[in-house]
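See structure below.
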Amino acid sequence: MTTIFLASALQVLAASASAAQQAPETLTIMVEDAAAPWSKSDGTGYANDVVVAAFKEMGIQVRLRVVPYSRCKFMVFSGQVAACFNMSWQPEFEGRIRFAAQPIFYVSNDVFERIDAPLPKPAQGQCALPAGTVLGITRDYEYTDQVMALKNAGAVFENSLSDVTGLQKLAARRFQAAVIMSNDIEGRNQKARQSGTEHAVRFAFNCGVVNSTIGFSVTHPDGLRALKLYDEGFKRIEASGVLNGIHQRWFPL
């Protein structure tokens with residue numbers, strides 16, 4: 001009886017050990033909460049699916065913590081989490097954050113104006129505002145060099161919590177202009193419709209395009225290892241067609 005019990009116990013232990021060996025490694029990373037369709041407040045989005053799929057390809061189960069972008073950025077910058085997305089490169093990240101080799105998507109920095117108070121139009125292909133223009137931006141977002149040059153030229157930057165809020169403030173005349181992130185998948189007026197301001201504001205001109213991807217902490221213990229795993233996983237899902245499948249699911253023709 002004792003021998004049978006011992007054999008059974010050993011089998012259970014062996015099965016438990018095998019299951020533990022096969023259980024996927026988990027990694028908690030942060031994602032912003034207000035960048036639909038890339039990353040939505042409910043934890044879904046095109047970028048979310050890409051990141052999860054890339055890590056899954058490498059045997060890593062990702063747990064996404066959905067937070068305001070300012071917190072996401074601060075936590076990875078300070079090394080409190082391994083990674084954050086959706087991020088774009090800024091000089092302040094040098095030595096603190098490393099970016100994935102490939103962007104997840106591209107975003108345009110578009111200046112919006114009030115319909116009843118149009119801005120002076122810059123020359124073709126230029127990004128310019130009169131000195132003193134109150135320009136709404138989203139707190140802690142990374143912008144193109146062209147947008148940042150507006151501040152040096154005398155524009156007054158004022159923060160909002162999101163692009164949607166920025167458009168609402170523009171419509172309410174708290175701003176004279178606002179920089180809004182848009183993309184080539186959705187119409188430039190999508191966030192105006194989302195914010196209920198489509199009859200009060202409109203696109204004025206573009207101030208460049210930035211890459212948006214996932215940033216990894218250099219100082220977090222899992223940061224650089226996670227970067228290598230993600231880059232390899234991204235290459236694999238791109239080659240296998242998984243990446244294209246995610247794109248088709250979110251943006252069907």
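Quick notes on this one:
- Under 5 Å, built H, 5+ apart or other chain: amide partners of F157: L135
- Each peptide in 162-174, 90-102 gets a packing score, the mean of other Cβ atoms within 10 Å over its residues, and the list from highest to lowest is 162-174, 90-102.
- Residue-wise HN-Hα couplings along the range 169-184, as the Karplus relation 6.51 cos²θ - 1.76 cosθ + 1.60 with θ = phi - 60° gives them from phi, are 5, 4, 4, 7, 6, 7, 10, 9, 7, 8, 8, 10, 7, 9, 8, 7 Hz; Gly and Pro carry x.
- 222 nm mean residue ellipticity, helices alone, for the chain (DSSP H n ≥ 4; -39,500 (n - 2.57); rounded to 500): -11000 deg cm²/dmol
- HN-Hα J in Hz across the range 79-92 - Karplus 6.51, -1.76, 1.60, θ = phi - 60°, x for Gly and Pro: x, 7, 10, 6, 7, 8, 8, 9, 10, 10, 5, 9, x, 5
- For V218, distant residues with modelled amide H under 5 Å away: I97, R98
- Within a Gaussian network of the chain (alpha carbon springs, distance under 10 Å), most fluctuating of S108, S240, S78: S240
- Between Q126 and Q190, residue separation times 0.36 nm minus the direct Cα-Cα distance comes to 20.7 nm.
- The tail of the calculated P(r) for the range 107-210 beyond 19 Å holds 33 percent of all Cα-Cα pairs.
Each reported figure results from applying straightforward, stated rules to the coordinates on display, with no laboratory input. Everything numeric in this text was worked out from a predicted model, so none of it was measured. Quick reminder, even Gly has a Cβ in these numbers, built from the backbone with ideal geometry, and neighbours come from all protein chains shown.
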